[in-house]
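Worksheet for the structure shown next.
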Amino acid sequence: MITTVPTFHNISVYWTDAQNASESNYCSVQYRAVGSDTWKSGIDLVYDGRGGDYGDAEYRGSIVKLFSNTTYEVKLTLESGETETTIAKTVNENFTEKSVVELPENTNGTLVITNGGSEEEGYVVYTVGPTGAALITGGTYNIRVDVPYVIIRGLTLADAVRHAIYLSVGTHHVIVEENDISEWGRSDDEDDPDAFAFNFDSGVFSKDPDGYMYVIQRNKIHHPRHDSNNWTEPGDQGNNHPDGAQAISLENTAGNHVIRYNEIYSDEDHYFNDGIGATENYSYQGSPNKDSDIYGNYISHCWDDGIESEGANRNVRIWGNYITNTYTAIATAGTSIGPLYIWENVYNISQESNNEPWSDESGTGGFIKTAKKAPYTGGKLLIFSNTILQPTVDNRVFPVGASTGLGWGGDMDNVMSRNNILQVCDPDRPSINGQTGDNGDYDYDLYNGRIDSGTVQEYHGIYDQPTYAEITDSYTVFTTGKG
């Protein structure tokens, strides 16, 4: 039986009853829009036969870069010859609106939303009124959503005590779009203006185990009220791990979310902990859990991770994000189920603190964080066509990009990399840090650092420094330096 879970541009695919299923009996994917004569090939599905807490023994994977609101034929074929087909339709990006609630120009205190829509009737939209502005300030939350099928659009939210938008238990199909969100969150000591932020107070927050289909798009989420501690300052966890506000936290939800085209940023005195993420790193759930997309976001000013995608990572897709001024770009420790797809992201500045931000004594972190912790490990990671930049600054020998490419923070497990630019700040540092017991598959990458692995890798990789040539005001291309 084939089952599918769609988003706007991707489809998760699961095949649970294939005969002769095994890791060595590869499952190819073809797809085409209904009415088309041309089949296209996708990435092979991954076979996971562990069962139990890891889900059904099955082939699973994603078909990506599809058109919204389009019906596709999907054909799966095993190397042994068995074939099965199904039909799947991507989600419509144009939402049906049941009604519109125009909010006043100013609201003080929490707006509690108890009137929502339905699948049949569409969404209830909460948005600006005739003046073209709607500011909500104060309250434990600026907005608490208690019902499904709600759109929050075009509002200015500020000065929430805890979370700017709180998605209550029982919510799903909530669209948060085109809002300006700032100045939320508590501190460890409200009488001390320099106290660090309370951990996980967020611009958008949910902890509903049944919550699904949250779409958070085209928002500006910026400048939390308080600062996070950096990696050189003691935090509340008994170590120097950052504690602080987050832009988006979807903690142990049911997945099937889309987080896209948001601007997440701040200043030197109001850093985030993570930009996007939550707790339960080592689990069979975590954040964003499953069947979810994170793409096209600008993320900066995080003392820990730009994107923390940790836990199940079952058909989670992260692509096209630009991340800078964080310690780590994308954290994946650990991926218990998979597969997790990471492609076409760009990472710029990495920093562990702003005490001496541009000295060689100031540490830098990694591009992809990994770590094995039994039993929460073994899920497949596919890492394709990402770029690590290495900007230079005065008074520093080394540039200020990542000091490790793949494998920051712990052993890697079941990772495939292809066509990445893994330029690290110091050639003595690892571009790929497989460490002990590595079972990875790394090839066709451009890299300038070490390849630490238990097996020979990068048969077709290029060991060199990338150089970048500006060709327009907006785009760059790279060469390997070898002509």
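Tabulated data
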quantity	calculated
Nearby lysines by direct alpha-carbon distance to Lys98 (threshold 25 angstrom, same-chain neighbours under 8 apart not counted)	Lys89
Antiparallel DSSP beta bridges within the chain, as percent of all bridges there, nearest 5	25
Values of log10 I(q)/I(0), in the order q = 0.09, 0.16, 0.17, 0.19 Å⁻¹, for the range 126-263 under a Debye, Cα-only, solvent-free model	-0.27, -0.81, -0.90, -1.07
Stretch gain in nm, segment Met416-Thr131, where the contour uses 0.36 nm per residue and the Cα spacing is subtracted	97.4 nm
Mean separation of Cα contacts under 8 Å, 6 or more apart, over the residue count of the chain: relative contact order %	7
Gap separating the Cα centres of the range 249-317 and the range 153-200, nearest whole Å	15
Area projected by the alpha carbon convex hull of the chain, averaged over all directions, nm²	24.7
Computed over the range 372-411, Cα set: Rg, Dmax in Å	15.0, 45
Extension gain (nm, one decimal) between Asp191 and Asn240, 0.36 nm per residue minus Cα-Cα	15.4 nm
Gain on full stretching of the segment that runs from Thr3 to Glu344 - 0.36 nm per residue minus C-alpha separation	120.0 nm
Scaled radius of gyration (Cα, divided by 2.2 N^0.38 Å) that the range 2-89 gives	1.06
Förster-model FRET efficiency, 30 Å R0, Glu73 and Asn439, C-beta, rounded to 0.05	0.30
Under 21 Å between alpha carbons - lysine pairs in the range 185-479 that sit 8 or more apart or on different chains	7
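Bear in mind that the values in this text are calculations on the coordinates, not laboratory data. Remember, it's a predicted structure, so these values are computed and weren't measured experimentally. All Cβ positions, even for glycine, are placed from backbone atoms using ideal geometry, and neighbour counts span all protein chains on display.
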